[in-house]
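*Asks:* After the structure tokens below, expect a handful of questions from me.
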Amino acid sequence: MSSSLHISAFLTDSWYSLGRRSWLAWTCDAIDFFSVSLSVPSLGKTFNKKNPDITTAITLTLLLRSAGAVIFGFISDRYGRKWPLVFNLVLVAILELGAGFVQTFKQFLAVRSLFGIGMGGIWGLAASTALENLPVEARGIASGVLQQGYAVGYLFAACINLKLVPDASPNLDGEGWRSLFWCAAGISFFAAIVRAVIPESEVFLKARAEARARERASGLTTKNKTKIFMKETGRMLKKHWRLCIYAVLLMTGFNFLSHGSQDLFPTYMQDTKGFDSNHATIATIIGNCGAIAGGTIAGWGSQYIGRRLTIIICVLLVGAFIPLWILPNTFSGLAAGAFCIQFGVQGAWGVIPIQLAEMSPPAFRATFPGVAYQVGNMVSSASAQIEATGGEHQRTTLIDRITGKPKDAPDYAKVQGILIGVVAAYILIVTILGPENHGKHFEKYKAAFEEGAGNDEEMDEDAIREGIRRRGEEDSSSSGEGKGEKD
């Protein structure tokens, strides 16, 4: 009954906060990122490049996301969640806008590389803001809803690509893909404005207030909090280095699973299966509907059967649906395969925000999950290029749907099927061998800029109460003295 009440409270009271602060930011992140995935053939025509060359932009973006995770994660754990995320969103909006104006392929690669740095900070800041402000019982479903902002973003980008890009193409000399980037930039600017008018994370404000109370209680001051923060970071790394390595290994597999099944899918539908851009986009939309359903259901279910078991079930579903994803030649069969495979892929992903948050050293729950996620992204950054290059070497015969004549085509179906099958097996092993801290109250621990945070020390409630009491006495005394002087 208690669990149901907490989830009901989440759905009624906290959804508005979660959606505006975190879900929207993560959705914008996906729209910006998948603008390239949806435009690979068009970009190839504009810059006169082959698919493996265009996917270099995806690789560079993923490579540099870890730098953004470190930079913005540290700033967030040190100074707060709000303004780092606002700046982060403005930065990616500017770079996304710039990508729509580039004239050469080198310029495009440069802008997308810088975009990776800005993009890298968003997930850690969004996840920490969302999950730390919710009751433990609601964090499973919140994790699923938050993570599927990524699928919703991909879906939005696909819808924009389906309608806006063809309409804008005649006015842009056949380069309608630029309108997709400009539209994505505007949405990110909007998300930055929304985040700017919403208050700071309540849990972070409480931790900062309690730190000040503790300082008053002990008679000490911590003017140089940045120095303390760096010292506690060193302690955390010394204590949790094995956990850091494990988290990177886990996220490497997960990022291969996600990007290997998503980034080249529209190109696969066109080049290997022979469908036009509209059909490829519609199949992408259907796949993302499966992702949204899978992530939300799995996140909710993980609250009851555990994080690791939920991941294992979803990854087994991925393996079971690989044949449906790559073997059919009809649109309905391929669309069904896209729905099912993404249900499993993003179902497993729906557990990741809360799994990483509960696994993290509690004082560093913006930095640790974000960096682990993006370092995993860095290791798996070449997934689209691997598939594109594999398609250049693995060939198949395609019957042209217009002329009815056979033609040589890249066999992305075989390449994707092998990659996802191997990755799914890897994730099963890593997940089974890993830790789980289901239901951890990470909001009760010291903030990263406090002494002892690196050793996972909990807040000292007695010291806080004593500090508040002393502060009250000081205020009363000062008020009395002022009144006496006036009299």
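The values are calculated or read from the model by the stated rules, or taken from the named source; none is laboratory data. Quantities reported herein were computed from a predicted structural model and do not represent experimental measurements. Here the Cβ is made from the backbone with ideal geometry for all residues, glycine too, and neighbour counts use every protein chain on show.
*Asks:* Residue under question is A291, and the condition is that it be assigned to a helix (DSSP H, G or I) and under 16 Å from N329 (Cα atoms); does it hold?
*Replies:* no
*Asks:* Another question, then. For the condition aromatic (F, W, Y) and either modelled with pLDDT under 90 or farther than 21 Å from T56 by Cα (or both), what is the one hit in F181, F254, F275, F265?
*Replies:* Result: F275 is the single residue among F181, F254, F275, F265 that is aromatic (F, W, Y) and either modelled with pLDDT under 90 or farther than 21 Å from T56 by Cα (or both).
*Asks:* Please find, within the stretch 333-355, the residue that is farthest from T281 (Cα to Cα) out of those that are in contact with a Pro (Cβ under 8 Å, 6 or more places away or on another chain) and surrounded by 24 or more Cβ atoms within 10 Å (Cβ to Cβ).
*Replies:* P353
*Asks:* Does E358 count as surrounded by fewer than 22 Cβ atoms within 10 Å (Cβ to Cβ) and either hydrophobic (A, V, I, L, M, F, W, C) or part of a helix (DSSP H, G or I) (or both)?
*Replies:* Answer is no for this residue.
*Asks:* If I filter the stretch 148-157 for residues that are at pLDDT below 90, over 30 Å from V36 (Cβ atoms) and either more than 19 Å from the chain's Cα centre (by Cα) or of a type outside the set (F, W, Y) (or both), do I get at least one hit?
*Replies:* No, the stretch 148-157 contains no residue that is at pLDDT below 90, over 30 Å from V36 (Cβ atoms) and either more than 19 Å from the chain's Cα centre (by Cα) or of a type outside the set (F, W, Y) (or both).
*Asks:* For the structure I just gave you, tell me whether S76 is crowded, with 22+ Cβ neighbours inside 10 Å, among the polar types (S, T, N, Q) and over 29 Å from P266 (Cβ atoms).
*Replies:* Answer is yes for this residue.
*Asks:* Every residue in the stretch 75-99 that is β-branched (V, I, T) and either at pLDDT 90 or above or not in a helix (DSSP H, G or I) (or both), please.
*Replies:* Within the stretch 75-99, V90, V92, I94 qualify.
*Asks:* Please enumerate the residues belonging to the stretch 150-173 that are without any contact (Cβ under 8 Å) to a residue 24 or more places away in the chain and either of a type in the set (S, T, Y) or part of a loop (DSSP other than H, G, I, E, B) (or both).
*Replies:* Of everything in the stretch 150-173, those that are without any contact (Cβ under 8 Å) to a residue 24 or more places away in the chain and either of a type in the set (S, T, Y) or part of a loop (DSSP other than H, G, I, E, B) (or both) turn out to be S169, D173.
*Asks:* Based on what the data block shows, is E210 modelled with pLDDT of 70 or more, in a helix (DSSP H, G or I) and of a type in the set (D, E, K, R)?
*Replies:* So E210 fails the test.
*Asks:* Do you know which of the residues in the stretch 276-324 that are of a type in the set (A, V, I, L, M) and touching a Cys at 6+ places or on another chain (Cβ under 8 Å) is nearest to L38 (Cα to Cα)?
*Replies:* Ranking the qualifying residues of the stretch 276-324, first place goes to I285.
*Asks:* Where in the stretch 1-58 are there helices (runs of 4 or more DSSP H), lying fully within it, with 2 or more residues that are under 26 Å from V111 (Cβ atoms) and at pLDDT 80 or above?
*Replies:* Because the criterion is at least 2 residues that are under 26 Å from V111 (Cβ atoms) and at pLDDT 80 or above, the helices (runs of 4 or more DSSP H) in the stretch 1-58 that meet it are 24-37, 40-47.
*Asks:* Scan Q107, Q103 and give me the residue that is surrounded by fewer than 24 Cβ atoms within 10 Å (Cβ to Cβ) and outside any loop (DSSP other than H, G, I, E, B).
*Replies:* Answer to the selection: Q107.
*Asks:* Also, I was wondering about something else. For I160, indicate whether it is surrounded by fewer than 24 Cβ atoms within 10 Å (Cβ to Cβ), out of contact with any Lys or Arg (no Cβ under 8 Å at 6 or more places or on another chain) and modelled with pLDDT under 95.
*Replies:* For I160, the condition - surrounded by fewer than 24 Cβ atoms within 10 Å (Cβ to Cβ), out of contact with any Lys or Arg (no Cβ under 8 Å at 6 or more places or on another chain) and modelled with pLDDT under 95 - is met.
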